[in-house]
1. Restricting attention to the range 70-88, and to residues there that are in a loop (DSSP other than H, G, I, E, B), modelled with pLDDT under 90 and not polar (S, T, N, Q), which single residue is surrounded by the fewest Cβ atoms within 10 Å (Cβ to Cβ)?
2. What is the number of the single condition among (1) of a type outside the set (Lys, Arg); (2) in contact with a helix residue (DSSP H, G or I) (Cβ under 7 Å, 6 or more places away or on another chain); (3) at pLDDT 90 or above that GLY135 does not meet?
3. Does the range 10-25 contain at least one residue that is β-branched (Val, Ile, Thr), out of contact with any Ser or Thr (no Cβ under 8 Å at 6 or more places or on another chain) and touching a residue at least 12 places away in the same chain (Cβ under 8 Å)?
4. Could you check, for the range 196-203, whether at least one of its residues is modelled with pLDDT under 90 and within 20 Å of the chain's Cα centre (by Cα)?
5. Considering the range 125-172 alone, what residues qualify as being exposed (fewer than 13 other Cβ atoms within 10 Å of the Cβ) and under 25 Å from GLY64 (Cβ atoms)?
6. Out of the range 2-23, which residues are assigned to a helix (DSSP H, G or I) and among the charged types (D, E, K, R)?
7. Check SER31, SER67 and return the single one that is surrounded by 14 or more Cβ atoms within 10 Å (Cβ to Cβ) and either small (Gly, Ala, Ser) or at pLDDT 95 or above (or both).
8. Can you tell which of THR55, THR13, THR26 is exposed (fewer than 13 other Cβ atoms within 10 Å of the Cβ) and modelled with pLDDT of 90 or more?
Amino acid sequence: MRHLKAHRKLGRTTEHRISLLRNLATSLINSREDRIVTTLPKAKELRPFVERAITLSRKAQEMGEDSGAGALHLRRQAAAFFHSGNIQRAAQTGKRGQIPLPRTAGVAALRRLFGELGERYKDRPGGYTRILKLGRRAGDNAELAIIELVDNPREIEAVEAAKKRAKSAGGKKKTDKGRETKAGQKASDRKEAAAPAAAETSETPDEIVAETATEPTIDQESEQ
């Protein structure tokens, strides 16, 4: 029976594996491009791990600013998904002459998670990340992948640029069509203007013979 075998071990002990996932989650949340490159098995294990933390921030956004205790409880629950805080910082706080230790990257990730990302995904019920395969790595032949946050600024800019290109292409087609219709109208007007002149100049051979017969010649005028 395949009980208690839901996740990949990744060749590590439980403590090492949890620490690895926390580091990957911290790197993903703090990334400027909202994406990181790792191996495919690690990306597949990171996806449900980090999405649970994002769900906690989304729930905090749904509660609003009134429920301070509930939001604080969710923030403390989400802190378990990162290496947030510094153990030695509390011991040295308040001592004279002691330089406080810098906050870890996990604190910055937690701050961004409940600030920017919570606002971004407050109306999205799950599916916050995307995995893109990159092929195999030269050397150990490991399969690489990109795991990224969806609805990132780069993706939104690309969608807006595509809309602008489509709109400009549609406007260009309309202007070309308008030019063609104007050119056709001008050509038809020219044809209509040339039609009466052609009708006046076009005479049949019988009419030409009749005109020449009725006109008096020079000899007839001299005899008269």
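The values are calculated or read from the model by the stated rules, or taken from the named source; none is laboratory data. In this text the structure is predicted, and so the values were computed from the model without any measurement. Reconstructed Cβ throughout: ideal geometry from the backbone, glycine too, with neighbour counts over all protein chains shown.
1. Only one residue tops the list, namely GLY85.
2. Status for GLY135: all satisfied but (2).
3. Taking the range 10-25 as the starting set, the residues that turn out to be β-branched (Val, Ile, Thr) are 13-14, 18.
The next check asks that each one be out of contact with any Ser or Thr (no Cβ under 8 Å at 6 or more places or on another chain); those that pass are 13-14, 18.
Next, from what is left, pick out any that are touching a residue at least 12 places away in the same chain (Cβ under 8 Å): none.
No, that holds for no residue.
4. No, the range 196-203 has no match at all.
5. Within the range 125-172, PRO125, GLY126, GLY127 meet the criteria.
6. To start, the set of residues in the range 2-23 that are assigned to a helix (DSSP H, G or I) comprises 14-23.
The answer is GLU15, ARG17, ARG22.
7. SER31 is the lone residue from the list that is surrounded by 14 or more Cβ atoms within 10 Å (Cβ to Cβ) and either small (Gly, Ala, Ser) or at pLDDT 95 or above (or both).
8. On the way: THR55 fails: exposed (fewer than 13 other Cβ atoms within 10 Å of the Cβ); THR26 fails: exposed (fewer than 13 other Cβ atoms within 10 Å of the Cβ).
After ruling out the rest, the residue left standing is THR13.
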